[in-house]
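*Asks:* For reference, the structure I am asking about is given below.
The values are calculated or read from the model by the stated rules, or taken from the named source; none is laboratory data. Predicted model only: the values in this text are computed from it and were never measured. Every residue, glycine among them, receives a Cβ derived from its backbone with ideal geometry; neighbour counts consider all protein chains shown. These area figures cover heavy atoms from the full protein model, side chains too; ligands, DNA and RNA do not enter into them. Shrake-Rupley method; radii C 1.70, N 1.55, O 1.52, S 1.80 Å.
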Amino acid sequence: MSLEWMAWTWPTAAFFTGIALMLLAMTGLELVWPTVERRGFLPIRTTRGAQQPDEQPVAAYIHLGWLAMIDAPLWGASIVALLWMAVVLRWG
């Protein structure tokens, strides 16, 4: 079976690998430390597993804003997005 029609590139494979690794990490965290519903600085009661999908669009907006305002490689936007996600997962 040929997968040439999918036009996989290294960035695409890295993106989907990152999503898969995040899901595995969240599953591992849930098994080791079960989550408790809480309310952080975001105005909703949420759990760790509910916060992660909410942050994916924010990461996309960070990258789009980076492209619009900064003439630098996207690695910087990825670092900013990961830091923001870490803050929200910890205190949000």
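*Asks:* Give me the pairs, please: first residue somewhere in region 46-63 and in contact (Cβ under 8 Å) with a residue 60 or more places away in the chain, second residue anywhere and open to solvent by 50 Å² or more (accessible area, probe 1.4 Å), beta-carbon distance under 8 Å, and either six or more positions apart or on two chains.
*Replies:* As it stands, the answer is none, since no pair meets every condition given.
*Asks:* Looking only at region 38-90, count how many residues are over 23 Å from A20 (Cβ atoms), aromatic (F, W, Y) and surrounded by 12 or more Cβ atoms within 10 Å (Cβ to Cβ).
*Replies:* Of the residues in region 38-90, 1 are over 23 Å from A20 (Cβ atoms), aromatic (F, W, Y) and surrounded by 12 or more Cβ atoms within 10 Å (Cβ to Cβ).
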